[in-house]
Amino acid sequence: MKGVTQKPVPGCDATLFCADGESVKSLLEACTDFGKASGAKINVDKSQAKLFGRWDLCNEPLPFSIEAGLMKILGVWFGGPGAAAKSWNERLAKVKQKLGLWSLRNLSIEGNALVLRNDALPVLQYVTQAWPLLANVARAINSMVFHFVWHSKMDRVKWSVMHKQHRKGGKAVPDIPTILRAFFVCGCVRITLLNMNKDHSAYKVFRFFLHPVWRRLGWDKWENAVTFNWDLPWYYREVERFVGEFGLNSVTPCLWKPKTIRKLIRTRDTTEPVSDLPQSTATHVWGNVSSPSLTNRHKDRAWMTVKGVLPVRSFMHSRGLCPHRNCPWGCPAEESAHHLFWACPFAQRLRAALRQELLALIPYENITEQSMMYGLFPGTHTEEAIQGCWRLLCCIKDILLFARTRLVTNGEVVNREGCRRMVLSLLRDYAAMDKQKSEEREEL
């Protein structure tokens with residue numbers, strides 16, 4: 001009809017494997033017949049062919065360009081040495097760009113861990129469907145994650161601790177290299193031992209290389225009828241290496257799912273000790289530090305306080321970043337987290353100014369040093385009172401650290417009344433947050 005134009009059919013990508021020249025000829029004939037029936041057409045300019053081994057094209061040249069180097073298929077490079085490194089480096093560049101943008105947000109450690117888990121990991125995870133994680137890429141990932149989490153070159157806490165769950169004294173920062181390795185191995189197990197299609201050519205290729213590995217691990221029975229290769233390619237050696245490194249030989253193939261393997265590895269983590277407290281109390285302290293009733297910023301401050309890595313003068317001096325240790329408020333004592341939040345006269349005066357607010361929750365005499373530092377309260381109290389008082393104490397610590405930082409960096413003194421008003425403002429924010437959560441629960 002006049003004035004009516006036909007919209008072009010959207011294109012699609014396809015990767016086909018041909019064994020010989022006759023197969024190529026049959027493929028082109030099939031594509032021509034399909035084009036006559038559907039109106040579709042091969043885009044010759046964008047089509048490429050990759051030849052492996054000796055080829056006889058029956059004296060008929062291919063209508064496609066012959067790719068001598070690497071070939072990119074669905075975002076992953078194949079076809080020769082360096083393909084895995086190129087695939088990983090491209091993905092690393094994308095992740096660095098993402099993390100660079102997120103770094104402008106000045107997120108908490110909790111927020112950074114969430115970004116790594118939900119935004120960075122899936123980008124890298126895609127490559128594990130084809131290539132195992134390379135050692136140099138794992139080091140680059142760890143370095144990138146380190147700078148993203150701490151925003152500096154100073155490592156305050158061991159990474160083995162950072163990867164632990166909150167209840168065990170960590171910050172649940174994802175161990176991305178280990179997760180990626182688990183994804184690759186689980187994929188190999190799934191294709192060759194679980195979702196087996198013995199008539200599929202891909203299954204036969206996998207079995208050719210991996211059957212000896214499964215036999216050595218005791219996961220599969222020996223089959224003399226199966227052709228196999230004892231000399232593993234480098235990309236499949238990662239399977240046996242990963243299983244041996246984490247002692248997962250006894251895990252049956254049906255349990256080899258990424259989430260299950262990660263849980264099995266995490267169960268071996270021990271609970272971090274808390275100085276001057278029995279080990280039986282440590283779990284309770286870490287539960288208080290990671291309480292869901294706290295904001296992410298207060299969780300970070302409480303965790304760093306317990307771990308002894310809060311950037312006060314005693315810690316900074318021990319790292320050679322501060323010339324002296326004394327309290328900036330003029331006290332002769334050393335400025336540690338204990339002194340800043342509990343023993344300093346300024347901290348004592350601020351607590352006294354908030355006496356009525358504290359008394360509304362827990363008797364004032366029951367608020368001890370352990371209450372301020374760890375959320376432990378002597379006596380018997382309701383859970384609501386304990387959580388409310390712990391919140392208030394976290395707000396006090398937040399403002400004490402804020403006032404101390406303003407004094408050290410700008411020479412600006414924030415008086416007790418100003419600090420008191422800021423603490424009450426934080427409490428109002430908590431009240432608004434609780435109200436919003438309550439309304440959301442009612443809607444559900």
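The values are calculated or read from the model by the stated rules, or taken from the named source; none is laboratory data. Since this is a predicted model, take the numbers as computed values, not measurements. All Cβ positions, glycine included, derive from the backbone under ideal geometry; neighbour counts span all protein chains shown. Only protein heavy atoms, including side chains, enter the accessible area calculation; ligands, DNA and RNA are left aside. Shrake-Rupley method; radii C 1.70, N 1.55, O 1.52, S 1.80 Å.
Ligands, DNA and RNA excluded, the heavy atoms of residue 139 present near 150 Å² of accessible surface to a 1.4 Å solvent probe.
Give me the percent of Cα-Cα pairs in the stretch 30-104 that sit more than 15 Å apart, rounded to a whole number. Value for the stretch 30-104: 72 percent of Cα pairs lie more than 15 Å apart.
The C-alpha atoms of the chain define a longest principal axis, and helix 176-189 lies at about 40 degrees to it. Once the Cα atoms are used to define both axes, helix 296-307 deviates from the longest principal axis of the chain by about 70 degrees. When you filter the trypsin sites (Lys or Arg not before Pro) in the stretch 267-349 for DSSP loop state and at most 14 other Cβ atoms inside 10 Å of their Cβ, you are left with 268, 319. The tail of the calculated P(r) for the stretch 259-315, taken as Cα-Cα distances beyond 15 Å, holds 60 percent of the pairs.
Listed peptides 90-96, 175-181 appear in the order 175-181, 90-96 once ranked by packing, highest mean of other Cβ atoms within 10 Å at the front.
Among rounded, prolate and oblate, which fits the stretch 328-444 when a ≥ b ≥ c are the square roots of the eigenvalues of its C-alpha gyration tensor, a/c under 1.5 means rounded, and a/b larger than b/c means prolate? Oblate, because a/c is 1.5 or more while a/b does not exceed b/c.
Under a Gaussian network description of the chain, with springs only between Cα atoms under 10 Å, the residue in 63, 253, 323 that fluctuates furthest is 63. Tell me whether the stretch 132-178 comes out rounded, prolate or oblate; compute the Cα gyration tensor, take square roots of the eigenvalues as a ≥ b ≥ c, and use a/c under 1.5 as the rounded threshold. Oblate shape, in that a/c is at least 1.5 and b/c is the bigger or equal ratio. What Kirkwood hydrodynamic radius, in Å, does the stretch 331-391 give when the mean of 1/r is taken over all pairs of distinct Cα atoms and then inverted? About 12.2 Å, per the Kirkwood formula over Cα pairs. Beyond a 22 Å Cα-Cα separation, which of these cross-linked pairs lie in this structure: 94/259; 94/263; 86/204; 171/307; 153/263? Exceeds cut-off: 94/259; 94/263; 86/204; 153/263. The packing ranking of peptides 381-392, 336-347, 33-44, 100-111, highest mean first, is 336-347, 381-392, 100-111, 33-44, where packing means the average number of other beta carbon atoms within 10 angstrom of each residue. When the Gaussian network model of the chain links Cα atoms closer than 10 Å, the mean-square fluctuations of 142, 112, 366 top out at 366.
Extension gain for residue 296-residue 204 works out to 28.1 nm (0.36 nm per residue, less the C-alpha to C-alpha distance). Once the C-beta distance of residue 405 and residue 384 is scaled by a Förster radius of 35 Å, the resulting FRET efficiency is 0.65 to the nearest 0.05. With respect to the chain, whose longest principal axis is taken over its alpha-carbon atoms, helix 234-245 is tilted by about 40°. For the listed peptides 420-427, 397-404, a ranking on the average number of other beta carbons within 10 Å per residue, highest first, reads 397-404, 420-427. Within the stretch 86-186, all pairs of alpha-carbon atoms sorted by distance into 10 Å bins from zero give the percentages 15, 51, 30, 4. According to the calculation over all Cα-Cα pairs in the stretch 128-222, the P(r) per 5 Å bin from zero is 2, 11, 17, 17, 13, 10, 10, 9, 7, 3, 1 %.
According to the calculation over all Cα-Cα pairs in the chain, the P(r) per 20 Å bin from zero is 18, 39, 26, 14, 2 %.
Taking Cα centroids, how far is the stretch 381-444 from the stretch 90-126 in Å? Value for the Cα centre distance between the two parts: 29 Å.
Every pair of different Cα atoms in the stretch 188-322 enters the Kirkwood calculation, which places the hydrodynamic radius at 19.3 Å.
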